[in-house]
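Here the structure is laid out as structure tokens; the discussion comes afterwards.
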Amino acid sequence: MTKLKPWISLGGIGVFAVLLLAVAPVVLSDHWLNNLGKYCCWAIAAVGIGLAWGRGGMLVMGQGVFFALGAYSMAMHLTLETAGDRVPGFMVLYDPLAPLPAFWEPFRSAGFTLVAIVLLPVVVAGILGYALFKRRVKGAYFAILTQALAVALATLISSTIRETGGDTGLSDFKYFFGFVLNDPANKVMVYAITAALLVGCLLAVRQLYRSRFGELLVAARDAEERVRFLGYDPANVKLVAFVVSALMASVGGAMFVPLVGIITPAEIGAAASILMIAGVAFGGRASLFGPALGAMAVGWGQSSLGSTWPEGWTYILGLLFVVVILFLPHGLSSLPARFAAMRRRPEPPPAPAIAAAELEEVRS
Amino acid sequence: MFTTTTTTTRRRTLVTTGALGMTLALVLAGCGARAGDDPAAAGSSPAASCVDTSGGTVKLGFLNSLTGGMAISEKTVSNVLHMAADEINNGGGILGKKIQYVQEDGATDWPTFAEKTEKLLTQDCVAAIFGGWTSSSRKAVKPVVEKLNGLFFYPVQYEGLESSPNIYYTGATTNQQIIPAMDFLAAKGVKTLFLAGSDYVFPRTANAIIKLYAAKLGIKIVGEEYVPLDKDDWTSQVAKIVAAKPDFIFNTINGSSNVGFVKAYYDAGLTPAKTPIISVSIAEEEAPAMGHEVTGNYASWNYFQSLKTPTNPKFIQSWKAYPNSSGVTSDPMEAAYISLYLYKSLVEAAGSFDVDAVNAAAKSHTITFDAPEGKVTLNGKNHHISKPGHIGQINASNQFDIVWASGKFIEPDPYLEGYGWFPADIRKQLVDAAG
């Protein structure tokens, strides 16, 4: 599938970039542009999930953990930037005389924060992935383990209210690396950075999918033993995909903070992690655009359907999810291929990536 | 091992596109204000309000959690706001304009509260927003209404130590609920107290204040335990209460976690006769939902359904007759009811729906309302209202018998400036941190 139309996918990314970076800021109101920025954050994480789950077969149900690493690194920096020399206001509330916790101190530095947003998820996912994949942990065990980590981290943050803001979260940021966040022009800048990062992530996974690594990753997903037999270590292949997906989740989390203006454990816990997966499944996990568009669609549904029909929207989402899984296991982005396959009946094999994914479906 | 088959051209497109995006971002950044710029030129002055009251209506926003864990409490607030809006509309509206409300769901999710506040102010162009329950939701709304110069009316008792030109607080601050409760305990001769709370901003802060005041009153705190809002297993914490043998338990648990607490309390053999509980979040709505007899325990509120005031019977009657009514009235409901009428009085005093005009009227006029709890007066400086303090004891019909009353109305003092035992350096730090 990937080798057939190299320019189509690149052109698609180009159109997507123009829509996000040139059209959206002109057409949308400040409110909806900001919301679109938020969906872009989830889409960045979703692109990573598409890589790890769609191509690599690792059901990463705890991406909230990496989303949190980026988000809280950024939030700590912005909180300190707002507080200046003082201890942040919420800490004073809980223990007026205690000093700033030691682990906060380095986040005063903008450079350290940016490095942390990149390195923290890489190190954590690297250690975790190495331990799991070398022991050949996979399938449901891997999914449950990652999910449990997200729950554990959300609980840890909730219960350390003075150190992390607890359930209330971190909010009320005034500056973003020296820029006044309230300024509408700066809001557009933060949006543009987020949208550019999403486009960058799409380009990166496109390159990965088209590379030999991408083929190895699909091979490791569909026939891990054969890959091993051919002399490759599938653990290394999966590790790289897992680390890249963690990095993307972290970047999405980091941009979520200045856009939304608040981060709480609810945005990184089990439910949030599953919602990220839901968007990816909805859009089509193994395709290039499916995960990002699916995540954005779910985000949009939450904002707009959640307003018009608050009690009903979660049922709509659930129903949609069931329908997609039952009738379109490869998401909405597999629709064109389905139609194409229907039109030319005599040639039964659909696109190779889908066939491979279906094979996996039969096995699991 | 992972050498890619990509050509340099492809790699170059990747770099070019990335660079393009970043350049665009930086170009856009060129117009924005930086820290340290002159605030007037920094664009931090909010955009012109889009509120339109030229027709026969005024748009107001109601922001309550209709889904999620807090829905059980906040739906009632939403319904009572609808009732008050209907009442005001039947009486001719505000400045002759009928209220047209936009109901939004906060979904028990704090970022959603922030997003919906922005939507209500910039998309729906409402003149004011009413709602919120948890302090976390208020703290999410606060920066947004301050940024956009909107108005937010918050109807629930809270931990104080806050004031904002864009928020009006119609629930109690600490000196109108927590401090009266402590005075009541001291008058009862309580010597030892155990603090049990949910793990979030209100209980943590309330308990910090309770500990300071208890030291002044000579009451010994023999334990302090927290459980997250969404957890309801209190077994091990209640075991510590049994071991500590306190005279009284001060309960700052919020929401359904109270059910688990009361269950563990009875399972451990504790009784209201020997180890009574005083709560600040259990009202007429919650008492029957505890799953156990709670008769004999206490609560500190400003309003109780059993209060004998001139306006209370009419309020109770209207609420019982209202569709979707729960049948009982409670303090947060009453405070929400006050908030809409207070807004009406403010706008009428100002002669305008403009936020700055309303805030100016709050300072220049004496705004009062004959509330079900009595005649409340707005403090134009800190945006809180005067309130009577009451302690009720739960009776067999899950109503409260008033066992203590402050008598006169208590002036709101969110930063506890009139209380010498509250350390001045901490107050200064808090004000600085908030400013």
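Values quoted throughout were computed directly from the atomic coordinates according to the rules given, and no laboratory measurement underlies them. Predicted model only: the values in this text are computed from it and were never measured. Every residue, glycine as well, gets a Cβ built from its backbone with ideal geometry; the counts of neighbours run over all protein chains shown.
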Extending each Cα 7 Å along its Cβ direction at A:ASP233 and A:GLU105, get the distance between those two points in nm, one decimal.
-> 3.7
Among bridges DSSP assigns within the protein assembly as shown, what percent are antiparallel (round to 5)?
-> 40
For region A:214-279, the Cα gyration tensor yields equivalent-ellipsoid semi-axes (√(5λ), largest first, whole Å) of 33, 12, 8
Looking at chain A, what % of the alpha carbon pairs are farther apart than 26 Å?
-> 51
Once you list every other residue whose beta carbon is under 11 Å from the beta carbon of B:HIS292, what net charge do they have if Lys and Arg are +1 and Asp and Glu are -1?
-> -1
Most exposed first, judged by fewest Cβ atoms within 10 angstrom, A:TYR72, B:TYR419 run B:TYR419, A:TYR72
Average partner coverage of A:189-197, which counts Cβ from other chains inside 10 Å | 5
In this structure, the FRET efficiency calculated for B:GLN399 and B:ALA268 from their beta-carbon separation, with R0 = 30 Å, to the nearest 0.05, is 0.70
Can you put B:THR192, A:THR194, B:THR275 in order of Cβ neighbours within 10 angstrom, beginning with the fewest?
-> B:THR192, B:THR275, A:THR194
Where does chain A land at 222 nm, in deg cm²/dmol rounded to the nearest 500, when only DSSP H runs of n ≥ 4 count, each adding -39500 (n - 2.57), divided by all residues?
-> -22500 deg cm²/dmol
Counting partner chain Cβ atoms within 10 Å of every residue's Cβ in B:224-234, what's the average?
-> 2
Take every residue in peptide B:138-146, count the Cβ atoms of other chains within 10 Å of its Cβ, and give the average of those counts.
-> 4
Taking springs between alpha-carbon atoms closer than 10 angstrom, which of A:SER171, A:SER304, A:SER287 fluctuates most in the Gaussian network model of chain A?
-> A:SER304
Would you mind ranking A:MET342, A:MET296 by Cβ crowding within 10 Å, fewest neighbours first?
-> A:MET342, A:MET296
Could you work out the helix-only [θ] at 222 nm for chain B, with each DSSP H run of four or more residues adding -39,500 (n - 2.57) and the total divided by the number of residues, to the nearest 500 deg cm²/dmol?
-> -13000 deg cm²/dmol
Expressed in nm to one decimal, what extension gain is obtained for the pair B:LYS188 and B:GLU411 from 0.36 nm per residue of sequence separation less their Cα-Cα distance?
-> 77.9 nm
Just grab the label-to-label distance for A:LYS134 and A:PHE321, each label 7 Å out from Cα along the Cβ direction, in nm (one decimal).
-> 3.5
So how do B:356-362, B:71-77 stack up, highest first, on mean other-Cβ count within 10 Å?
-> B:71-77, B:356-362
Normalised alpha carbon radius of gyration of the protein assembly as shown [divisor 2.2 N^0.38 Å] | 1.01
